[in-house]
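All of the numbers you see were taken from the coordinates with simple rules; none came from a lab. What you are looking at is a predicted structure, and each value in this text was computed from that prediction instead of being measured. Neighbour counts are summed over all protein chains in view; Cβ atoms, including those assigned to glycine, are modelled from backbone coordinates with ideal geometry.
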Amino acid sequence: MTTVLDVQRFKDEGRRFTVLTAYDYLSAKILDDAGIPVLLVGDSLGMVMLGYPTTLPVTLDDMLHHAGAVARGSRQALLVGDMPFMSYHASTEQAITSAGRFLQEAGMHAVKLEGGGPVIEITRRLTELGIPVMGHLGLTPQSVHAMGGFKVQGKTDAQAARILADARALEQAGAFSLVLEGVPSKLAVDVTKALRIPTIGIGAGPGTDAQVLVLHDMLGLTTGKAPKFVKRYANLAEEITRAATSYAEDVRRGTFPGPEHEYSANGASPAKDREEVRYGG
């Protein structure tokens, strides 16, 4: 199983690695079988699974529900649970309780927190208690309103200096890795060179130690124009539309179900009829 020590070794050895989001049992199992070393149960599930316009409405119970499903599907990956909005903002004690639930109840191996500032001290306290923390700087979606929208961060010298300072502080506080989202490529390279811990980029160019994408973006399961940083490795939305259309047409024509999909009366084709009925509608 991949551990936080393994991802540090990946950086030390100059081995780039991949991270993908997962939100359910089946996708986690498939990605685990594909050898993806790190799975992030992202609060992005609010947008791609629950239909919210931002990640802000996602609750801790939402996250624990999906994280538990992912844990049941994975055997090899390092599992990271995303701490949702207002699950760690009120106090360090609240953060400890929320993070502990990810490990104790949902089977996660680590948690992810957005931002610097007060999050740095929370990171320090969590890591002192043995809870691994992945940091997240740059475009932090939980601060979307403060940022005036989903906008690239770190474009000015002052912003870049702040991100670099926060990155160093998070490392010193014990974070085992750092997500850099929506920042200029040069800044991502500067942060990556400045840190001993691995950086994980999303919309941060090719200079980070790892890359993360939202699974639905990578598979082409989202509709509309994809963000600039996304590469679609499949177009499953079109495939699903095609399959659903074909299914509906077969039902209208009466060609589905066919004889091969039927159960026979007692005594006929007994071997086939012993097949288990796995689930219904």
Checklist entry - From the residues Thr199, Val7, Phe229, which one has its Cα farthest along the dipole of the stretch 4-235 in the positive direction, the dipole being from +1 and -1 charges on Cβ of Lys/Arg and Asp/Glu about the Cα centre? => result Phe229
Item to check | Extension gain from Arg196 to Asp33, taking 0.36 nm per residue of separation minus the Cα-Cα distance | outcome: 55.7 nm
Checklist entry - Roughly how many debye, to the nearest 20, is the charge dipole of the chain about its Cα centre, given +1 on each Lys and Arg Cβ, -1 on each Asp and Glu Cβ, and no other charges? => result 760
Item to check | Sorted peptide list for 138-148, 168-178, 92-102, 5-15, criterion being average Cβ within 10 angstrom, highest first | outcome: 168-178, 92-102, 138-148, 5-15
Checklist entry - GNM on the chain, C-alpha springs below 10 Å: top fluctuator among Leu129, Leu195, Leu187? => result Leu129
Checklist entry - If you count, for each residue, the other Cβ atoms within 10 Å and average over each peptide, how do 42-53, 71-82 line up from highest to lowest? => result 71-82, 42-53
Item to check | Sites Ala165 and Leu26 - FRET efficiency at Förster radius 51 Å, r taken between beta-carbons, to 0.05 | outcome: 0.80
Next on the checklist: To check my understanding: the extent here is largest minus smallest coordinate of the Cα atoms along each principal axis. What are those three numbers for the chain, in Å, largest first?
Outcome noted: 75, 38, 38
Checklist entry - Toward the positive end of the charge dipole of the chain, about the Cα centre and with charges on Cβ (Lys, Arg +1; Asp, Glu -1), which of Leu103, Pro37, Gly138 goes farthest? => result Gly138
Checklist outcome for this item: Over its alpha-carbon atoms, the stretch 1-77 yields an Rg and a Dmax in Å of 13.6, 40
Checklist entry - Under a GNM of the chain (C-alpha, springs under 10 Å), which listed residue has the highest mean-square fluctuation: Pro257, Pro198, Pro206? => result Pro257
Checklist outcome for this item: Diffing the stretch 235-241: the Karplus 3J(HN,Hα) column from phi (6.51, -1.76, 1.60, θ = phi - 60°), in whole Hz with x for Gly and Pro, holds 10, 6, 4, 5, 5, 5, 4
Item to check | Karplus (6.51, -1.76, 1.60) ³J(HN,Hα), θ = phi - 60°, over the stretch 124-131, in Hz, Gly and Pro reported as x | outcome: 4, 5, 4, 5, 4, 8, x, 9
Next on the checklist: Past 29 Å, Cα to Cα: identify those pairs from Lys29/Lys193; Lys29/Lys151; Lys11/Lys225; Lys186/Lys231; Lys193/Lys225, in the order given.
Outcome noted: Lys29/Lys193; Lys29/Lys151; Lys11/Lys225; Lys193/Lys225
